[in-house]
Structure formats: C-alpha cells, structure tokens
There are 6 protein chains.
Amino acid sequence: MARVPTGISGFDELIEGGFIENDVILLTGGPGAGKSTFGSQYLYAGIMNYNEPGVYVTFEETPARIMRNMWRHGWDMERLIKENKLRIIRVDPIAYDRYIMRSMETGQQGDHENATLETVLKQIYASVTEIDAKRLFIDSLTSLKISPDPVHVRHIVLEFIKNIESFDCTTLITSEINKDPENFSVEEYLAEGVICLKVFRIDGERIRSLEILKMRGVKHDEVLRPYVISDKGIIVYSDHSVIGKEADVFSLQRCSILGEED
Amino acid sequence: MARVPTGISGFDELIEGGFIENDVILLTGGPGAGKSTFGSQYLYAGIMNYNEPGVYVTFEETPARIMRNMWRHGWDMERLIKENKLRIIRVDPIAYDRYIMRSMETGQQGDHENATLETVLKQIYASVTEIDAKRLFIDSLTSLKISPDPVHVRHIVLEFIKNIESFDCTTLITSEINKDPENFSVEEYLAEGVICLKVFRIDGERIRSLEILKMRGVKHDEVLRPYVISDKGIIVYSDHSVIGKEADVFSLQRCSILGEED
Amino acid sequence: MARVPTGISGFDELIEGGFIENDVILLTGGPGAGKSTFGSQYLYAGIMNYNEPGVYVTFEETPARIMRNMWRHGWDMERLIKENKLRIIRVDPIAYDRYIMRSMETGQQGDHENATLETVLKQIYASVTEIDAKRLFIDSLTSLKISPDPVHVRHIVLEFIKNIESFDCTTLITSEINKDPENFSVEEYLAEGVICLKVFRIDGERIRSLEILKMRGVKHDEVLRPYVISDKGIIVYSDHSVIGKEADVFSLQRCSILGEED
Amino acid sequence: MARVPTGISGFDELIEGGFIENDVILLTGGPGAGKSTFGSQYLYAGIMNYNEPGVYVTFEETPARIMRNMWRHGWDMERLIKENKLRIIRVDPIAYDRYIMRSMETGQQGDHENATLETVLKQIYASVTEIDAKRLFIDSLTSLKISPDPVHVRHIVLEFIKNIESFDCTTLITSEINKDPENFSVEEYLAEGVICLKVFRIDGERIRSLEILKMRGVKHDEVLRPYVISDKGIIVYSDHSVIGKEADVFSLQRCSILGEED
Amino acid sequence: MARVPTGISGFDELIEGGFIENDVILLTGGPGAGKSTFGSQYLYAGIMNYNEPGVYVTFEETPARIMRNMWRHGWDMERLIKENKLRIIRVDPIAYDRYIMRSMETGQQGDHENATLETVLKQIYASVTEIDAKRLFIDSLTSLKISPDPVHVRHIVLEFIKNIESFDCTTLITSEINKDPENFSVEEYLAEGVICLKVFRIDGERIRSLEILKMRGVKHDEVLRPYVISDKGIIVYSDHSVIGKEADVFSLQRCSILGEED
Amino acid sequence: MARVPTGISGFDELIEGGFIENDVILLTGGPGAGKSTFGSQYLYAGIMNYNEPGVYVTFEETPARIMRNMWRHGWDMERLIKENKLRIIRVDPIAYDRYIMRSMETGQQGDHENATLETVLKQIYASVTEIDAKRLFIDSLTSLKISPDPVHVRHIVLEFIKNIESFDCTTLITSEINKDPENFSVEEYLAEGVICLKVFRIDGERIRSLEILKMRGVKHDEVLRPYVISDKGIIVYSDHSVIGKEADVFSLQRCSILGEED
C-alpha cells in the first residue's frame, strides 16, 4: 500500500511513514489547537517536498485570512496558487444554509439537502481535478452538520466521507470538539483514521499534545506526544510522551488553569 | 448444547469453549478498539479451522477497505470469497435512510420502516443461504438506529435481533458506545451475550481490555482481561487481569492521558 | 398477613419469611445481574416446594431460550409446563408497538393504548387462571414504557401495576436500570417492594450484591448482601455484608474495572 | 399564631411546638424513606391526642393497602374511619389522566385541565367538610404533575397549593425526589415549609435523617437529625445530629453502598 | 450619584453605602435562604429610617401570609399599609398564565404575552405612583418566565427589567436558583447588580453566606460574608468571611449534610 | 501587518503589540468579570492615545447607564460623543425579537431573520461611517442568538462576524458564558482571536484572570494572567501568572466559595 508522508515534522514515524493513499483522516481539536496550521502544513509540504498539488476547502474563513495567518510560518501560499499547485476555495455555508431553509419551507428537505451536499461535493471535486490535486484539506466537517437530528447528521457525514473517498485524494478533515466529551462523534467511527489534538496545563504551563486514536490497517503509535506550533509550523516530539492528569486536560477546555496538585 | 469456538486466541476458554450455537452476541467498543478485527478474525478462523462459511455485513465501510485493512494480519479474504467461503456485503444505509425520509414525507413511517428493515434482513439472509453460512458478523447495529425516539429504537433493535436469531447462524454484532456511559443500551439487555472492549491508560501506557458482561446459559469469566491487536490478530491474555482505576478508563474515551495518581 | 416464601436461598429471612401475599414487588438490575434467574427460581421453588403454580411473562426472550438458559441450574421447566404447573408466555411487544404506531397515525392514541394494555393484561390473566397460578414473574416492565412522555409512562406503569395487583398472584416484575442513576424511577415509588441487584468490583473482583430498598408493611433488612449465581441458582449470603466504595459500583455499569484505591 | 403539634416523637420541638395552623408543608423523600408513615402518624396522632379529624388523600395506593401497611405500627385506621374521625380517599389519577388525554385530542387542554384540577380539589374538600377535618395528608404532589412543560407544572402546583391553603386544614403534602438533585423543585419554593427525608449510609449502616429546609415565620431547627421507623412509628432524635459525607448520601439514592472512606 | 441605604445591618458598607438610585438589583437564593426577609427589611427600613414609601410585589404568596411571617421580626406591615407607606400587591400568575394559554390556542402568542407583561407592569406602576414609592421589591422574577424557550425568556426578562428601570424606584428582584448551577442565568447578566444568598454546611453546622457577584459602577466587596436571620431581621457580618469547601455548598442544595473532611 | 494597540495596561505585550488590524476578537466572561469595562477602555484609549474614533454597540444596557458606570474610572464619554469621537448606540433586541416573532407567525422565518440581521448591521455600519470609526465594541453576541436551534445560531453568528469583518474596524465582541462549560461555543471557533476572563477564588480571595485562548497569525502569550479592575480601568499583570486549582474556578461561577484545600 502506497504511503503519503504528511511532512509534519516528527509525525510520519508514528504511522509507519504516512497516511495510506486515498484514505480520509479526521483531525479533532478545540479552538487554538492548531488544526488549520496542521492542514496547511500538510498541503504545503505536499507541494514543496513531494510535488503533490493540494486543495484547501474552507467553510468559514476567507482564503485571504488563511494566507495571512500562514505568513507567520513563512508559507507563501499565494505563490503556490499562481503556480497552480494550490487552491483555497471557500464553500459558503450561508448560501448553503439558506438553500436548506427554503427547502424546509417547501417541505421537501430530503432531496434539497442531498442536492446541496452534491453541490458542495461538486465544487470540491472541480478544484481537485483542475490542478490534479493529490491532497485535500477540509475545514471543518462541523459546518456540514446542518441538522439537529443525530440520525440525519450521521447520514450527512457518512455520505460526505464516502464521496470524498472516491476523489483519489488523501484527505484530512477537521472536526470541532463541541459535543459531550465523554462520547465519540459519528465521524470518529466512520473515518479511517483519527488524530486528536489536545491542549492542557501541567503546573501552570500550557502543553499541546497529539494522539492517534485509530488508523485502520496501520500499526500506529499509541502514546500521547507533545507538539509545538513553531515559526516553522507544527513539530511533534515523537520521542517524548506527556504524562498528565485527567483534570488538567479539562481545565483548558474551560479556558482556565490548574496548579500543583497535592 | 453445541458450542462455536471463536478462534480468538485466549478467548474461548473464558466462555466454556465457545458461543452457544445460533446465539446473537453483542460486541461493544469505541473507535480504535478493534471491533472489526475481532469480527473478521471470528469469521476467518471459522472458515480456516472449522470449515464454517461466514458472512460479513457492513453498513459503512466498503468491502474493499475491509479486505485491505485485514491484510495487516495476513488474512486473504479475497481468496475466501472466491472459494465461496466468505461474503462481505455492504448494505447501504444511505439508500436506506433516503427511503425512510421519503416515507416520512408521506406520513406512513411505520410500514415503510418495517418494509426497509425487511429489505435489510432479506439481503443478509440471501448471502447467508447462498454460501450456507454458519457465522455472521454485522458491523454495526448503530447504523440501524434510524430514529431519535428511544421507543422506536427499542422496537427496531428487538425486531432485528429476533429475526437474526432465526437465521441458523451464530452471530456477532458490534455496537458503538455513543450514549451516556452510565446507562446500558437496549441491545445490552436484549442480546444473549455482551462482550465489552475498553481501552484505557495506566501510567501513560495504553491498555486494551475485554470483559464479558453477560453470556446467558454460560458460566463465563468475570475478570477484565488484557488483549492486544497483534500481526496475527487479537490475542486475549486469559491468565492476566487488568487492575486500573475508573478515572483511567475515561481518559482515553476523551482521547487524553492520565499519569501517576498520587 | 399470609407470607409467600421466595425459595431464594438466604433471601426470605431478610423479609420476615417472604413477600406479603398478592403484593407486586419490583426487581431492578443491569444486564448480567441475574434478574431472569431470580424470577425463574422464584417460580420453580414455588412449584417444587410449595405446590404453587406460576406464570412467566416475557416481552423479549423466547420461551425456548429461557428454558435452555435455565438448564444450567438443572431446572426442567419443560416438564413443569407439561404438568400444567408452569406457563411461559411471550407477549409480543412488536405486534404491540405496531398497533400503537397505527393508532398514532390515526390520531387516537389514548384509546388504542389503553385497549392494548388491556390486551396484554388479558393475555397474562388468561394464563394465570388457566393453571390457577399463585406466582407471577414479568420480565420486563421496561418493555411497556412505550412513550417518550414521562407523564404517559407514569400512567401506563400505574395502570399496569394496579391491574396486576387484582390477579390474586404474588408478582415479581423486573425493571432495567436505564435512566439517570441518581433518580428513582416511577415504578420504585409505585411498587409495594423494591429489590435492587447491583454488580461492582472491589480490588478487581466482581461482587454481586442485593439490597432491599423498601418493602411496605414489612420490617425488612437494610444491609447490602452479597449473592452468587451458582449451579443451583441464586444464593444470598444473609449473614455477610458488602462494604465497598461508591466509585466501585459505577465501574461495572460502564463495564470497566477498578483497582486498589489509595 | 396557633400551633399544630404533629405528634411525631421528637419532631415538634424542632419547630417551636408544631406547624402554624392552616399552613401547607411539603415532605420530600425517596422510596422507602417513610413518607406515608410520617403522614399516617401525623393524622393518627391528631385524632388520638388532639381529637382533630383528618383526611388521607392518595393518588396511587389503595386505602386497603394503606390500612394494611400501618398495622405494623398498631394503628387501627379502620376503626377511626368508622368513628368518622378519618377518611382515606383515593383520587384516581388514571381517570384524571384519561380526561386530560381526551381534552388534548380536542385541542382544549387549558380549560379541561383546570376543570379536572377543580374536580380533584372538590373531592378532597368534600371529605374535609364531611368529617370537619383539621388535618390533611396528600400523597403525592408528583401525581399531579401531568405535563412535561415546567411552566405548566408550576401553574398546576401553585393553583393546587393555593386552593388547599383555603381549606382550613393544616396540610402535609409529599413529593417524590425525581428531578435533578442539584435543583430545587417548584414546590420547595411555593410551600410554607419543607421537610426533607434522606437515607444514606455511613460505614455500611443505613442512616435515616430529617432536615427542615425552611418553615416560614418559624424559628426552626437547622441540623440534620437522625430518625428511625420503629414499631411505634417514626421517632426523631432531636438531640442527635448526623455527620456524614456527601458521597454517602448519594449512594443510597442509587441503591448501593459505601464503605470506610480513607 | 445618589445612594440608597438598604437598612440591612452590615450590608451597606459592602457597597459604598447603598444601591445606586433607580438601579435594578437581583437577589438570588434557594428556598429558606431568606430572600423575602431581605426584601421586607429593605422596604421596612426604607419607610422607618428614610421615610421612603415602598411596594412589595408578590406573584405567589398572599399579602396576609407575608405580613404574618414578618411578625417574627416585629415588623408591623399592616400599620404601614394603613399609613400609605407600604403596598403589598399580589399579581396573580394564574390569571396571567390562563391568559397566555388562551392566546396560545388562538395562535397569537406574541402580542398577548406582551399585552400581559404590560398588564403586570401597569399594576405595579399603579401602586408605585399611588404612594409615591421610592423602593420596590419584586418576588420573584422566576414567576414571569412563562416560556420553555430560552430566547423567549431572555426577551421577557429584558423587557421587564428595562421597564422597571423607568419607574423611578430603586428595585430589588428575587430569582430562584433552579437551573444548572454551573451556568449564569440571563438576569444575572442583565441586572445592574447581583447579590447571591447561599446556604451550606461546615462540619455539620448550617452557614448562611452572602456574596456580591457584581454591582455596576460601584467598588463593591468581593468576599463571601456570613449572615444570620435573627429576630431583628438579617444581619450581615461584614468583618467576617466564610471559608468553606465547594462540596459543602452543594450539600444543602440537596438538603443533605457534610461532615468533617479528611 | 498593522497592529492596533488596545490601550489595556499590560495586555498588548501579550499579543506582539496589539490586535491585527480589522480582525474580530471575542471576549468571554461571566457577570462581573469586567467585559464592558474592557471594551470601554479599548475604545477610550483608542480615542485618547491614538486618535481613532470608536463605536460602542449595546443590545441591552442604555447608553446613559454605560456612561454613568464608566464615570467610576474617570472616563468622560459624554464629551467624546460631543466631539464626534465616540458613538454609543443601542440596537433594541426587543423590537428585533418582536419582528422575528411576527415573521414566525407568518411562516417566513428565513428571509425575515436575514432582513433583521441586515437591519442590525446597517445600524452599526451607519455609526461607523458617521464618525469614521476604527474601533468597534459590541456587547453582546449572546443577544443575537435568537434561536433555540444550534444550526441556526451557527448561521447567525457566522453571518454576523463575516459582515463585521468587512467594516474596516478592529472589533471586540463580548460573549456570555452560558452553555455547558466543557464545550466551546461556535464563536470561539469562528473568531480570529479569543480572550477569556475568568474569576475564581484561592483561599477565600477573589482572583480575576485573563487568558488568550487563540489569536490567529499571532505568537501570543499562553499563561493565565491576573488582572484587576482599578479606578483607572483594567490592569493586566503580564509578569505574573495565576496558579490555582480547577475546583476554585468553578466555585465562583456558582457564586460560592472555596477554602484551604487539604
């Protein structure tokens, strides 16, 4: 099986060298965890190191801000776009939602929603084929969960993932952690792999850590590894492990602090 | 009563040699626990060691990916399919859901849903009879819970299990752990046996463990046993027991870590 | 007041010799706690030791599997049925549910539901009178809670219990623990007595325990007593008490483990 | 202000000698806490010691079982009924519910519900005037909460309490603890006084305790007092206090056990 | 800015001498915390010490009972009413609710609700102008939350507070603590000031404490201060502070007890 | 990239000198945390130190009270308004809500809501252009969440933020903490930066602290910093850090207290 190196420093050695080609991998984390940086680096390294074009799909941020934010790491995305190596497309969830709303009024939700999911998928696919992309980064799956009904959400997530799997890209999709943290989300069951980014404190210091929850067909690392967001992007310390306490992890989720435990 | 050895190394001795023939057994666990590996191994061992054909029913994964993922363990499922010893069928929950949706629009949910459940059962039964299967693995029951109403879900789960019981197969069904972990799910009450896969950490190391919650009519083991997912598949250490703390178990569910407790 | 010995070894001495005649007693517990064994033993001992015929009402299991599972304890239920001392009847909740569904479509839920509850009660009563039963075991009340509306459920449970009270039987009804464990269920308030089966771990060993939450009009034991499911059925150790920790009790509910507490 | 001694041994000295005449007092507790015994004793002592007739209103239990259960304490309620000192009336919540259901079908819930609440109040008032009762015991308020809408429940509870206040009786009303234990119920805000019965374990022994949460216009005790349900009824040890731990209290609510804490 | 001394012994020094004139201040607490006593004392001291007439608005209690309960503190409210210094008015939430219900039936909720809120405000304003009141006490805001929809409740609370602000009174409004205690209620955000009454136990003794959560434009105390409900009313010990544990606070909310912590 | 100094003493050095120009930054906190003071100071310093006009948008407070409350810090907002350096506008959420309600009655929610959001945005934009504002403070985003449907709320928040981003202002928006504290809110994901204000107790003393959860494109501080609300406004102690315990943080959220931990 062909492997796709992520280019994230220290990460590939945790998964036997890279993702399995054409798999869909989930990346979960809270605000400030560095999901967008992880995905940008995955695309940027793909272009620079392996000459694999990539598509960045955003549902919320503007491409301009994404490019601006990545300047901090010295990544010139604008140039790559001009060279037809990169596409950053914004699929507008507002237009999407409005469409849904109108369809709800007319009482024909089912078809419209599928039609809209199709529209989203077509937009993504058009960019993928346009530059013959091999890597795809989608931020975030949460924007597609346009229903309060969990059965409906399961349907949408499954349909979306299965379609993306057929695009001949190795895909990374982000997901917000917004539900009850003691439950797994549906996408954690459906994706081929799950990478969790978690931020917590030990004795007042903020520690970022990464864990591979699963990676089907791969003998993957199972340790919680520290990482930093440096000027050069994300660096995973694959030789270190983080030993903390449960209570620490929760503290930052609530944007607070923990000190020395007795 | 005839017994069906699972072929999972170290497991059968926990249940007096095997499942009771034609029982329906539940296998619960989170993402990455190894449910699919457990089920594949059950079918593979049935064919290789006991010459019992088997059917693998998936609602979400494609048969191609299942076969690919099992290559890691050296199981050549493609060959077994050609020899008519194995079937991997995907029953499409999307088509299924769409059907439900349309029926909801017309306001005749009751009959349609039963009709659809019948369709699913007929598809499974057709494969079972085609190769005269003795073992059945269904992944996962959660996909069938297509209603937000718990009364309705109870009905579906009961109807499904009772029908499967009449197929003359010894059946293993997986179930996701997605509900409130302090409550048992309806399938844990309705199935003849329940095997729980749980992953947690002790002092930073990830430990996989298996427990038999119940096995009606069987004098079963009641200890939490460690297991590993090796190159040869799952190995249960039936002579060891896992002594951990409650808090440890929860940590991994949230994809985090626990250290040395004071 | 006449007393009805349960025949459960070690149990009757906790309640002044037995249930009060014609009372309705609730038996709660999770999967694998032994509720069905408790009820079967109550009926079997009634027939063998006190010559009191009994009826076993199941909403989910088939009579065949019940008989099979009780073989482990050497109880020949089939013979007792032939001798007209025992009836095992399955009242089909699926047919029942379908009936409700149809009535919901026609918008006349109230009457239909009562009609159906009547049907269930008539089926039970017919078996009771057929063999002049004195003991009744119903597994489980949870199957009757066919509404998401707690007010409606309260109505059903009350109507059901009050009708069963008029059958001239001493009745044991099981109930699943599926709700928030910090709340009492409505049946715990409405029944004359409540017996709780609870399974937990102390230092890695699984311990089964029984507690009498209430028994109206009876001076009952208030200690948590250990019990085992032996080859001869349930044995309560009325001279022992279980001293554990709260956290232990919860661990098994989640199918996990607890070790030595510091 | 006239005071009404309860006749509960050891209780009156906690509230300056008795309830304030014509107040409505709430009595909360779980199953097995002894709410019915407390209320029966309040009525029985009123008749025997103060020659004040009393009415026992039950929504769920039959009068026959209430009388039977109180035999344990040597209280001959049947005689008191014959002497026109006591009435035990069952107001049927089933008929009541059915009425509501029908009104819901016709879409005129508001008026019907008030009409029904009026019917219940009229039935109670008829018994009160018939024997010129001075004491009233109502078991339980929970049965009247016939709506899933908390605004509606608030309305019903307020209307009911305010009407009962006009009956020239000193009234004790029970309430189940079924909601989130960290929240107060609406009746705890609306009643003039609140008495809480709580059962918990300390080092394996079950301890019953009573606490006066509030008693408007009265300088009341604020300590948690132990009580027992003896052959003579409830005895409160007003000179003792219960010092336990929070965790203990919760354990019994879940019908479990607590041991020695480290 | 003019200040309004509350007359609560020991309280004014915590807030630079008194409330800011015409502000709306929230007073939160559970049953038995002394909210009504606090408000009565605020009005009584206003009349006796500062010659400022006051209006007491109750949605649930009758004026007769309020006057009776305050006798314990020697406050002769009846005389003050005769002297036109005090008004106690009961705005009937039942009539109010019925009105809403009828409007819901007719499907024109929006306007009716506003009309009703207007009616309530007009009743209050009429009393305020009648005696030229400078102080207003409203018990409780919770009664006005006549909708299960939090958006709707937010609207009602905001509209109510903003209207009351225009009455030229310095107003104290009570609010029950009935929601999830880890969340702030909408009124805590909207009011100019928030005073929290909390009752808990330390080593078996019930301790009442007061804390000023906020007081806009005022440099206020931030310490948890003990208070008692004495024969003379509420006394705040502004020189003492309460040092307890989190667990203690919660214990009384659940009407239970806490002992010595190890 | 141009930076916008906030003028909050000690804060700018945590974010490389200031916000990125034209970004939308979120400020979260409970009642009494000082969100309004933070925002007023941001605008006031902008005018006084950098000659950048500012607009204060309030959905709930009246401009008069805002000006009054800021007098405590010696900020003469009235003068700045006269000099056309400042605008304080109140956008009326009541009128807004009524509009929504009417539209809901007519069944055309989608368009009306967008129309209303447009009206709100136009009002804000008119003030911004009127004085050529460079800074914008909006208090609070919570008032705009006029739907119980989280999908709808996500839509509103996204549409609002994206429109505000186009106003050529550097914007600070407050948000109440009212949801489950273990979950992040949608705005924490969508905003470019998130500043959290948190109040807790250590050994009886109330401690205010500030943490930067994220700031896209900026190398920001990650330590929990103490701050005070002084007569001169907010002062952040960027050289100190707060080391507390998780339990402390929660205590004040519930308006309670924590003492010395053992």
For this session: Using a 10 Å cut-off on Cβ to Cβ distances, tally the other chain neighbours for every residue of E:211-217 and report the average as a whole number.
Result: 6
Seminar exercise, completed: For the pair E and F, the solvent-accessible area buried on both sides (1.4 Å probe; DNA, RNA and ligands excluded), in Å² to the nearest hundred, is 4400
Exercise. Using a 1.4 Å probe on protein heavy atoms, which residues of the stretch F:222-243 have at least 30 Å² less accessible area in the complex than alone?
Worked result: F:Glu222, F:Leu224, F:Ile243
Problem set entry | List of the stretch C:59-83 residues, accessible area with partners at least 40 Å² below that of the chain alone (1.4 Å probe) | C:Glu60, C:Glu61, C:Arg65, C:Arg68, C:Asn69, C:Arg72
For this session: Shielding by partners for A:169-176, please: the mean number of other protein chain Cβ atoms within 10 Å of each residue's Cβ.
Result: 1
Exercise. For the pair C:Ala64 and C:Asp149, what calculated FRET efficiency results from E = 1/(1 + (r/R0)^6), where r is the Cβ-Cβ distance and R0 = 41 Å, to the nearest 0.05?
Worked result: 0.70
For this session: Give, as ranges by residue number, the residues of the stretch C:196-238 whose backbone N falls under 20 Å from the point 7 Å along Cα→Cβ of D:His240.
Result: C:219-224
Exercise. Taking the label point as lying 7 angstrom from Cα along the Cα-to-Cβ axis, what are the distances from A:Ile89 to the corresponding position in the remaining copies, in ascending order and in nanometres?
Worked result: 3.7, 3.7, 6.5, 6.5, 7.5
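The values are calculated or read from the model by the stated rules, or taken from the named source; none is laboratory data. Just so we're clear, the structure is a prediction, and the values are computed from it rather than from any experiment. FYI the Cβ positions are ideal-geometry reconstructions off the backbone, even for glycines, and counts take in every protein chain you see. The accessibility values were calculated without ligands, DNA or RNA, using every heavy atom of the protein model including side chains. Shrake-Rupley method; radii C 1.70, N 1.55, O 1.52, S 1.80 Å.
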